[in-house]
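A short write-up of the structure that comes next.
The values are calculated or read from the model by the stated rules, or taken from the named source; none is laboratory data. What you are looking at is a predicted structure, and each value in this text was computed from that prediction instead of being measured. Backbone-built Cβ (ideal geometry, glycine too); neighbour counts: all protein chains shown.
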Amino acid sequence: MLIQESYKDVPTQAGGDMRIFLFHPTIPNYPKAKFPGVVVFSEIYQVTGPVSRFARQIASQGYIVAAPSSYHEFTGPEPLAYDGPGTDAGNEWKITKKVSAYDEDATLSVDTLLSLPTCTGRIGATGMCLGGHLAYRCALDPRVSAAICYFATDMHSRSLGAGKADDSLARARDIRGELVMIFGKLDNHVPPEGRDLIRKMLHEAGVTFSFFEPAWAQHAFIRDELSKGRYDPALSGICFEMLKELFGRTLRSDLGPCSGEDIEVENVC
């Protein structure tokens, strides 16, 4: 499947135009083919090479991908460098931007996908690091059927955005779609007690979710360059298969409405 790349600059109330990078699959001789949409949220460095390659991987499976640039209030759409100054700027803007502005970005990204005549109307979300948290918050939108969140930061500490007092876990009951949460066992950005808290609160909220903690993975283990020795291609491939399964089942299949009935599991071998 070939991919056409473009972008759309969308005005925001928070400030500045948000550039949404679009990765659109194409099939020769099928100009009216329709595909589900996926919002890909980036880490603190905006839409970098690794994020673009991740978006292309997803698009190649038959999804229209929208990757928003998160820091339009502060800078242009260009990615930040994976160095000291880039890291400092990304971390500073992460807690300067308002949570409501992050949510506006997510809403506008979903709106953009749904406005495309080639979108089926089924939407998923994913992202890494900061983007994992933003994919989770995107799933608070009832239009989002599924989200797969890679090593979502700041959820356990409730420290996203201005004031460092987000309500992400407190709003878990608002999620109607299905989640996959992925954290490396060696992720020191989200310690074991933080992962336990996230898992506990999702259970208590009745969210449908899977939770995967590969034993030797560190933070940002799917970033395929300049990853400070953390990139694990084998585990990244396994996690991508989980993404394909989740989106294939929830975005491609017409499951109809969920009945909400409890599933009785037989106690047999």
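Take the conditions (1) outside any loop (DSSP other than H, G, I, E, B); (2) in contact with a His (Cβ under 7 Å, 6 or more places away or on another chain); Leu246 misses just one of them, which is (2). Taking region 177-236 as the range and being among the β-branched types (Val, Ile, Thr) and in contact with an Asp or Glu (Cβ under 6 Å, 6 or more places away or on another chain) as the test, only Thr208 passes. Looking at Ala59, Ala55, which is the one that is modelled with pLDDT of 95 or more and under 18 Å from Val10 (Cβ atoms)? From the options Ala59, Ala55, the qualifying one is Ala55.
All of Leu179, Leu235, Leu246, Leu251 fail the test of being surrounded by 16 or more Cβ atoms within 10 Å (Cβ to Cβ) and either in contact with a Gly (Cβ under 7 Å, 6 or more places away or on another chain) or not hydrophobic (A, V, I, L, M, F, W, C) (or both), apart from Leu251. Just a yes or no: is a residue in region 42-61 farther than 26 Å from Asp232 by Cα and among the β-branched types (Val, Ile, Thr)? No, that holds for no residue. Scanning region 116-152 for residues that are surrounded by fewer than 24 Cβ atoms within 10 Å (Cβ to Cβ), among the hydroxyl-bearing types (Ser, Thr, Tyr) and either touching a helix residue (DSSP H, G or I) at 6+ places or on another chain (Cβ under 7 Å) or closer than 19 Å to Asp196 by Cα (or both) turns up just one, Ser145.
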